[in-house]
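Colleague: Quick one: the structure is below, and I'll ask about it shortly.
The values are calculated or read from the model by the stated rules, or taken from the named source; none is laboratory data. These figures come from a predicted structure and were not determined experimentally. In this analysis, Cβ positions are derived from the backbone assuming ideal geometry, glycine residues included, and neighbour counts consider all displayed protein chains. We work out accessible area using only protein heavy atoms, side chains counted, and drop any ligands, DNA or RNA first. Shrake-Rupley method; radii C 1.70, N 1.55, O 1.52, S 1.80 Å.
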Amino acid sequence: MKPDSRIPTEASPRDLTVEDSLGVLTERERKRLTKPSSERAIIATLAFTGLIAAFMQTLVTPITPQLPLLLNTTASNATWILTATLLAAAISTPISGRLGDMFGKRRMVLILLVLLLAGSVVSALSNDVLVMIIGRVLQGTGLGVIALGVSILRDVLHPARLGAAVALVSATLGIGGAVGLPVSALIAQNLDWHFLFWLAGLLALVALVLVFLVVPVSTLRTGGSFDFVGAIGFAIGLVGILLAVSKGSEWGWASPVTLGMLGGGVLVLVLWGLFELRTSNPLVDLRIAARRPVLLTNLASITVGFAFFASAAVLPQLLEAPTSTGVGLGQSLLIASLCLMPSGLVMFFMSPVAARLSAARGPRTSLVLGGIIIAVGYALAIGLMTEVWHAVFVATAVGFGVGFAYAAMPTLIMHAVPATETAAANGLNSVMRSLGSTVAAAVLGLILSSNVVISAGHPIPTQGAFQLCFAIAAAVALLGVVAAFFIPRREPAYRSTSIPQAVGSRA
């Protein structure tokens, strides 16, 4: 009988702790990594890389209304420029995480940055919608560098500095979008829109060079072969569900296409799950994913993703709506983007605070606190809608909460899975956040588009629509708090009885 590669052996390091993974490094690498200056450079590089990848998600937001005209296409076709990026990120993140666990996380980060760079150049040279979609797909794959970066930190940093570093790199998912949005708006208003993609390409190139020069190789590997069947099944199932959710309002929620996509996606994922339980080298180890700390953290991640996207979807519309409706605040796109920037800045500055709280009280406490802050922020938003500073306050409160939650989630995941599966597990957690954001876009978009008043020939959401969106976001955040309360206070520790041999070569 062929041995199961999931069983830890000296040649197959499956259950390493942080300390064990440091022991796998060469003596020269370990001495260099114990220097705080070297570790700060690694953290800064991975955080910068995460910011760039997250920036790609909001890169085209300022020019979205003009895309049909700019690309000489229909509004329906233009929406695929956003949808394709979302799908590419959701599919590639867990797959690149698994490949990183097998063949080297740094190697996969470099590959993803090359794809991001290629996608930026393709989009910058494009005036055709199909070519633009291809470029945006390549850009979307880059989001996987955040989960990989968190896993690299576990492999190469001293445990004493790990918590704050993980909190910062994890928070870049929110920081990059919030801070990058006004930059995109400024460029879109003053320069040719192609400069957005040339800037993205330049940033990707800088990140590529920095990762190659600064980030060391983690020689920690997992054995086995790549699960191609599982990867294809996961992609098909996830695409079906995400397309149904993101396109349901456009296709019709009761249309055969939407129902077929949703039902087919669910069916494929059920069959995929059965297959994953029976294969010796699964893309996602569902037995580990079903453990209570991992499962509940992923469920909470969906709610945090929903709540975070709600601020990005609802507040700009409130800020930009004309004052003639009695609800809108009449601000430009640039001003609206600047109003959301404090949300990202708060995430950046709160990440070390969240890390210290997690170290003192446990990451579950940070996740619960983050959810409560988000819920309170949205509850207050129901009555705070009449001034620009109200929107800034709500965005900042949500940023506080998301900062605590994003800092806690990867720590909870890493405490509950073997060291050789952190990239794949963090990748799946990122997918859960994306799923929450996609559901938020569909649900809140439907509410805002169904309850409108007409101003200057344009439909504008009513006050009740905005208030309902805030109430739903608060309720979803509270559901995340409930899930977090059931996460065990102490997760099982993984430790092998001996230091395994390193698998693989320098990447």
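Colleague: Which residue, of Gly140, Gly201, Gly144, is surrounded by fewer than 24 Cβ atoms within 10 Å (Cβ to Cβ) and in contact with a Ser or Thr (Cβ under 7 Å, 6 or more places away or on another chain)?
Modeller: Details: Gly140 fails: surrounded by fewer than 24 Cβ atoms within 10 Å (Cβ to Cβ); Gly144 fails: surrounded by fewer than 24 Cβ atoms within 10 Å (Cβ to Cβ).
The unique qualifying residue is Gly201.
Colleague: Would you check which residues across segment 226-248 are part of a helix (DSSP H, G or I) and farther than 15 Å from Leu86 by Cβ and list them? Even if it seems obvious, please write down each step before you answer.
Modeller: To start, the set of residues in segment 226-248 that are part of a helix (DSSP H, G or I) comprises 228-248.
Phe228, Val229, Gly230, Ala231, Ile232, Gly233, Phe234, Ile236, Gly237, listed by residue number.
Colleague: Identify the residue in segment 99-130 that is closer than 14 Å to Gly201 by Cα and assigned to a loop (DSSP other than H, G, I, E, B) and, among all such residues, is modelled with the highest pLDDT.
Modeller: Among residues in segment 99-130 that are closer than 14 Å to Gly201 by Cα and assigned to a loop (DSSP other than H, G, I, E, B), the one modelled with the highest pLDDT is Leu125.
Colleague: Out of segment 261-292, which residues are at pLDDT below 90, out of contact with any Gly (no Cβ under 9 Å at 6 or more places or on another chain) and assigned to a helix (DSSP H, G or I)? Before you say what the answer is, go through the steps one by one.
Modeller: The first filter runs over segment 261-292 and keeps only residues at pLDDT below 90, leaving 276-292.
Narrowing the set further to residues that are out of contact with any Gly (no Cβ under 9 Å at 6 or more places or on another chain) leaves 277-278, 285, 287-292.
If the condition is that a residue be at pLDDT below 90, out of contact with any Gly (no Cβ under 9 Å at 6 or more places or on another chain) and assigned to a helix (DSSP H, G or I), then Leu277, Arg278, Arg287, Ile288, Ala289, Arg292 are the ones that fit.
Rundown of residues vs (1) part of a helix (DSSP H, G or I); (2) of a type in the set (Val, Ile, Thr); (3) under 27 Å from Ala416 (Cα atoms), yes/no style:
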residue	(1), (2), (3)
Gly344	yes, no, no
Phe348	yes, no, yes
Ser358	yes, no, yes
Arg364	yes, no, yes
Val368	yes, yes, yes
Ile373	yes, yes, yes
Gly377	yes, no, no
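Colleague: Those residues that are open to solvent by 20 Å² or more (accessible area, probe 1.4 Å) and outside any helix (DSSP H, G or I), I need them from segment 385-430; list them, please.
Modeller: Selection gives Thr386, Glu387.
Colleague: Here is a follow-up. If I ask for residues that are touching a helix residue (DSSP H, G or I) at 6+ places or on another chain (Cβ under 9 Å) and part of a helix (DSSP H, G or I), which ones from segment 249-260 would you list?
Modeller: Ser249, Glu250, Trp251, Val257, Thr258, Leu259, Gly260
Colleague: Could you grab the pairs with beta carbons closer than 8 Å, sequence gap of 6+ or different chains, first residue in segment 161-188 and in a helix (DSSP H, G or I), second one at pLDDT 80 or above and among the basic types (Lys, Arg)?
Modeller: Leu162/Arg154; Gly163/Arg356; Ala164/Arg356; Val166/Arg154; Leu173/Arg433
Colleague: Please state which one of Ser184, Ser218 is of a type in the set (S, T, N, Q) and closer than 17 Å to Ser120 by Cβ.
Modeller: Values: Ser218 fails: closer than 17 Å to Ser120 by Cβ.
It is Ser184.
Colleague: Another question about this same structure. Tally up the residues in segment 370-385 that are over 14 Å from Ala307 (Cα atoms) and touching a residue at least 24 places away in the same chain (Cβ under 8 Å), please.
Modeller: 2
Colleague: Let me ask something else about it. Could you run through segment 439-470 and say how many residues are farther than 30 Å from Pro293 by Cβ, part of a helix (DSSP H, G or I) and open to solvent by less than 70 Å² (accessible area, probe 1.4 Å)?
Modeller: 10
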